[in-house]
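Values quoted throughout were computed directly from the atomic coordinates according to the rules given, and no laboratory measurement underlies them. The shown structure was predicted, so the numbers you read here are calculated from the model rather than taken from an experiment. Here the Cβ positions follow ideal geometry from the backbone for every residue, glycine too, while neighbour counts run over all protein chains shown.
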Amino acid sequence: MYRETQIISDPKTPPAEGLGEAGEFIINVGPQHPATHGVLHLVITLSGETIKKVEPHLGYIHRSIEKMCESLSYRQFIYVTSRMDYLSAHINNHACAMCVEKGLQVEIPPRAQVIRVLMDELTRIASHELWWGAMAMDLGAFTPFFHAFRERETINDIMEETCGARLTMNYMVPGGVMQDIHPNFQKRVKDFMQLYKKKIHEYDEMVTGNIIFQNRMKNVGNLSAEDAISYGCTGPTARGSGVSCDIRKLYPYEIYDKLGFDEALETAGDSFARYMVRIREMNQSIRIIEQLIDNIPEGDFLTKTKAVLKLPKGEFYTRVETARGELGVYIVSEGGTTPYRIKFRSPGFSNLSVLDHIARGSKIGDLVAMMGTLDLVIPDIDR
């Protein structure tokens, strides 16, 4: 077990097992650290202020969610996934519902499809807002945090009115959505879009265009397209290196193939490029919402299904684009009322795996910037 700080200075004295070479520091960042959110432990080997190795240690919030899902019905297990990437709860539930629907071969009403996409994109904006505010605060800019939460609170209020909850909504169900949208939903969403368009310039003034912020981000944590693919990175982490991997474009689901939006791509591969991808993604989400909010079809919001669902014997897989990248849901069914096996392919694990690669040779002061642009949600990784 590593002590708080290990210093190896005498070249004649061999280091203890697990320690570095002479002249190296081994320090612990987390798990009790504001930038790691209390559940991520990084063991960092330093030579002076230069990072030589970053070794993530997980297990502080492990709940055995996949095994837990195997004892739950096909309706019940969906809601457990809200506790994985809790900032993309709607999208997690959406992926699971789609996988069950693939097994049942049910058709989703057009109204439910539009509502699902609207909720997904609002979730994406809310997640990126929290990321933007928290990352700026990690780099020493406190004011943006309050600006980000101003917009995020508006989205949470909209969610609460329709879903009855603000974080783990449990709104997506096999066959559609649990209940219809609130009568005020369309008006409140349009009001939010007007507010967002007026406030987005403040983000550029406070953070994006700030020369100090740019110096902290540019040419820091460089990741090539080849390495992003090799490590299995997805989402903004990969798109910041020029890798086209947006599931909504490559493997469209629901009605994404009928919508006009651009995949946010940058080619620099540094922390600033990953930052810009997320900023542009928020604007593209607004563009998607604008196309749908006045065009929600009439009709049912839920396809009738049996109270107790049984999937036929076989294997089923779906993938969606969360705020952090590709989420895959794999179900093995033996024909019963509960899954025989469930496996989630979360984006965070692959994105965290690349941290050691991009951090080596950088200064310890840049570590928080690199971690911030990976946008890690540890419960999604340490399930």
Could you give each residue of region 48-60 its phi-based ³J(HN,Hα) in whole Hz, using Karplus coefficients 6.51, -1.76, 1.60 with θ = phi - 60°, and x for Gly or Pro?
x, 9, 8, 6, 9, 6, 10, 10, x, 10, 10, x, 6
Restricting to Cα pairs under 8 Å and 6 or more apart, the percent relative contact order of the chain works out to 23
With a ≥ b ≥ c from the Cα gyration tensor eigenvalues, square-rooted, and the rule rounded for a/c under 1.5, otherwise prolate when a/b > b/c and oblate otherwise, region 219-326 is oblate
Let's test this: bin the Cα-Cα distances of region 39-84 at 5 Å from zero up to the farthest pair and state each bin's percent.
5, 18, 18, 12, 11, 9, 9, 8, 6, 4, 1
Separation between the residue 200 and residue 258 pseudo-spin-labels, each 7 Å from Cα along Cα→Cβ, expressed in nm?
2.4
Which chymotrypsin sites (Phe, Trp or Tyr not before Pro) in region 44-150 pass both tests, a DSSP loop state and at most 13 other beta-carbon atoms within 10 Å?
142
With Rg from the Cα atoms and Rh as the Kirkwood inverse mean 1/r over Cα pairs, the chain has an Rg/Rh of 1.00
Return a whole-number percent for the relative contact order of region 79-231, with Cα pairs under 8 Å and 6 or more residues apart as the contact set.
25
Applying the Karplus parametrisation 6.51 cos²θ - 1.76 cosθ + 1.60 with θ = phi - 60° to the phi angles of region 268-276, what ³J(HN,Hα) value in whole Hz is obtained for each residue in order, glycine and proline being reported as x?
5, x, 9, 5, 5, 5, 5, 4, 5
Using label points projected 7 Å from each Cα along Cα→Cβ, tell me how many nm separate residue 67 and residue 55, to one decimal.
2.5
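Under the rule a/c < 1.5 gives rounded, and otherwise a/b versus b/c splits prolate from oblate, where does region 143-275 land using the Cα gyration tensor?
Oblate, since a/c reaches 1.5 and b/c is not below a/b.
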Round to the nearest 10 and give me the degree value, 0 to 90, for the angle of helix 185-203's Cα axis relative to the longest principal axis of the chain.
20
Quickly work out the residue 229-to-residue 166 label distance, labels modelled 7 Å from Cα along the C-beta direction, and quote it in nm with one decimal.
4.4
With r defined as the distance between the Cβ atoms of residue 353 and residue 306 and R0 fixed at 35 Å, what FRET efficiency is calculated, to the nearest 0.05?
0.30
Count the lysine pairs in region 171-310 that are 8 or more places apart or on different chains: how many have C-alpha atoms under 18 angstrom apart?
5
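If you count, for each residue, the other Cβ atoms within 10 Å and average over each peptide, how do 252-262, 270-280 line up from highest to lowest?
The packing order, highest mean first, is 270-280, 252-262.
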Scoring region 290-359 by relative contact order with C-alpha pairs under 8 Å, at least six apart, yields a percentage of 23
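At a 10 angstrom cut-off on C-beta neighbours, averaged per residue, how do the peptides 315-325, 44-54 rank from highest to lowest?
The packing order, highest mean first, is 315-325, 44-54.
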Could you compute the FRET efficiency for residue 315 and residue 149, with r as their C-beta to C-beta distance and R0 at 41 Å, rounded to 0.05?
0.45
Taking 0.36 nm per residue of sequence separation and subtracting the Cα-Cα distance, how much length would be gained by fully extending the chain between residue 267 and residue 219, in nm to one decimal?
16.1 nm
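Helix-only mean residue ellipticity at 222 nm, the chain, DSSP H runs n ≥ 4 weighted -39,500 (n - 2.57), per residue, nearest 500. What is it?
Taken over the chain, the calculation gives -12500 deg cm²/dmol.
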So how much slack lies between residue 290 and residue 251, counting 0.36 nm per residue of separation and subtracting their Cα-Cα distance, in nm?
11.8 nm
DSSP loop (so not H, G, I, E, B), at most 12 other Cβ within 10 Å: list which GluC sites (Glu not before Pro) in region 70-121 pass both filters.
107
